[in-house]
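Inspection log for the structure reproduced underneath, given as structure tokens.
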Number of protein chains: 2
Amino acid sequence: MTSQGAGREETPARERGLHARLLASLGPSITAGEYPPGTVLRTEELASRYEVSRTVAREAVRVLESMHLVESRRRVGVTVLPPEEWDVYDPQVITWRLAGTDRGRQLRSLTVLRSAVEPVAARLAAELATPEECAGLTEHALGMVATSRGQQLENYLVHDVAFHRTVLRASRNEMFARLGDVVAAVLAGRTHHDVMFTDPRPEAVTLHVNVAEAVRERDGARAEAAMRTITEDAMAELDVLAP
Amino acid sequence: MTSQGAGREETPARERGLHARLLASLGPSITAGEYPPGTVLRTEELASRYEVSRTVAREAVRVLESMHLVESRRRVGVTVLPPEEWDVYDPQVITWRLAGTDRGRQLRSLTVLRSAVEPVAARLAAELATPEECAGLTEHALGMVATSRGQQLENYLVHDVAFHRTVLRASRNEMFARLGDVVAAVLAGRTHHDVMFTDPRPEAVTLHVNVAEAVRERDGARAEAAMRTITEDAMAELDVLAP
DNA sequence: CGGACACGAATTAGTCATACTTAATTGGGG
DNA sequence: CCCCAATTAAGTATGACTAATTCGTGTCCG
């Protein structure tokens, strides 16, 4: 490949491995609804369209199939499945949807999920957090305070993400902990896409400090309540931005 | 292949497609900790060990890689990743873990997740459920009442699962709705594995009726509270059974 | 004499082309 | 109306080749 311009279609192609590149092109296309449910793709067609071997096309299809984005049947082809079938918890699928036309719906689902999970995680964290985690929470809450004014949103975001990650991890529940990446994506999306220029609301910052305090004092109820307010604020914010 | 007995190793082999069979053998082995994190598999070795072609072995590895169960690197091989990396929300991974030695931990994680999600889902359902869904809830709650006595656990389970599925679906949140299968797996596991012979507690049945009533009356707070009690009972039950 | 760097050999995943098998659909003939 | 055969596209197998990465070795410099 002498990089003569061919193949610069729609994929950023930052992935390495042909199958990964194909996946990075097909996945977003499907989750964006570019191929409506019921659309039939043929591996051979995919192979020729993307200029890869059938082997590579098949591997990409296999992965899409494991995400329940498509279904592969003999004599029929690779059928795109309806969104209800998709593995909406797959981090890859979440990423694709957040990057595409489905962004609004995905953000809303995730925010509702956060509103369910994070308060409970905060209560568990109050019961189970290690001293190091307590210290980390305080540190990041203070970091949020310090960066909450004067257009330091990027630094604020770092502390915000770290704070929520720590809470989720401190809950000692592997499934909660796994949502750290998702929360990070949501928070990053808010900062980078929606309200880039307004400083965070002081009340929100205070609430994070409250959570950190409550966890340190092992006050599960208070930690849960404060976190619930945080997530409710996030939902309200979403309603304002995308009604 | 003259089916002369070779290949009847450890896989139930109910799956169709060689790669699916390989996956159904490798996946559970990995999630069960049979291959500790850091273990290196080579695709060629897998191919010969399972008597399939490298093509098939590679496709299975691709899927495992998309679940973050393994990582494939050139000149190294296919490395098993530590559990923290696994996509613990992947329904396949959940199924494998529920079937293997990790069952206890998985059940506990899922029950905690339920305790976070289902109450919120019940509140949303009270706000958003369609008349048909309200009717379905009542129907299944009554079904639970009718089957709660006299060793009809299988029928009871059907209504229980349908009830929780309906609540999750009625919340109008795609991510909540997707947990229907997970809840079904947890409930089925409890019935089939833990307390096969004791009738469900009457209080639990009443609580389901309460949820159905509250949803029908659009009383979000009451629906949430009742559901919260249900999930707290489930956690308590888990503590009794597996301390 | 010892260490660091560079180069090359070995290893293993990745890619490709091709030939063949299997299952499901479709349509024609009994 | 049912059954069978032709067709189609996925599934499997194989062999050859590419490419990246690690590791060992050897040389050059300090």
On the formula 1/(1 + (r/R0)^6), with r taken between the Cβ atoms of residue A:237 and residue B:84 and R0 of 35 Å, the FRET efficiency rounded to 0.05 is 0.70
Given a 1.4 Å probe, the accessible area of the protein assembly as shown per residue, as a whole number of Å², is 49 Å²
So, in nm and shortest first, the distances from residue B:192 to its counterparts in the other copies, with label points 7 Å along Cα→Cβ, work out as 4.3
What a careful reader reports for the chain B Cβ nearest the rotation axis onto chain A, distance rounded to whole angstrom, is B:89, 2
Cα convex hull volume per residue for region B:13-97, in Å³, equals 86 Å³
Mean other chain Cβ within 10 Å across A:82-94 is 3
With only helices counted (DSSP H, runs n ≥ 4, each -39500 (n - 2.57)), the per-residue ellipticity at 222 nm for chain B, to the nearest 500, works out to -20500 deg cm²/dmol
Under the 7 Å Cα-to-Cβ spin-label approximation, residue B:14 and residue A:138 lie apart by a distance in nanometres of 5.4 nm
Mean projected area, convex hull of alpha-carbon positions in region A:1-150, reported to one decimal in nm², is 13.8 nm²
For region B:57-130, the Debye formula with one identical point scatterer on each Cα and no solvent gives log10 I(q)/I(0) at q = 0.19, 0.23, 0.27 Å⁻¹ as -0.85, -1.02, -1.19
Amide H neighbours of residue A:41 at under 5 Å, excluding residues fewer than 5 places away on the same chain, with H built from the backbone geometry, are A:78, A:79, A:80
Of the convex hull drawn through the C-alpha atoms of the protein assembly as shown, the volume per residue in Å³ is 183 Å³
Any residue on another chain or 5+ positions along whose placed amide H is under 5 Å from the amide H of residue B:70 is listed here as B:65, B:81
Expected unfolding gain across residue A:203-residue A:73 under the 0.36 nm per residue rule, minus the alpha-carbon gap, is 41.4 nm
Note on chain B: helices (DSSP H) long enough, at least 15 Å by alpha carbon along their axis, and hydrophobic enough, mean Kyte-Doolittle at least 0.5, are B:18-31
Rounded to a whole %, the carbon-and-sulfur portion of the accessible area of region A:102-241 at a 1.4 Å probe is 58 percent
Charge tally for neighbours of residue B:32 with beta carbon under 9 Å away, counting Lys, Arg as +1 and Asp, Glu as -1, is -1
For region A:56-98, the convex hull over Cα atoms projects on average to an area in nm² of 3.2 nm²
Expected sort for B:171-182, B:134-145, B:198-209 on mean C-beta neighbours within 10 Å, highest first, is B:171-182, B:134-145, B:198-209
Taking only C-alpha positions in region B:102-241, Rg and Dmax in angstrom work out to 13.8, 41
One decimal, nm, nearest first: from residue B:150 to the same residue in each other copy, label points 7 Å out along Cα→Cβ, the values are 7.6
On complex formation of B with A, accessible surface lost, both sides summed, probe 1.4 Å, nearest 100 Å², amounts to 3100 Å²
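The values are calculated or read from the model by the stated rules, or taken from the named source; none is laboratory data. Bear in mind the structure is a predicted one, so any value in this text is a computation, not a measurement. We place every Cβ from the backbone using ideal geometry, glycine too, and count neighbours over all the protein chains shown. Accessible surface areas use protein heavy atoms only, side chains included; no ligands, DNA or RNA. Shrake-Rupley method; radii C 1.70, N 1.55, O 1.52, S 1.80 Å.
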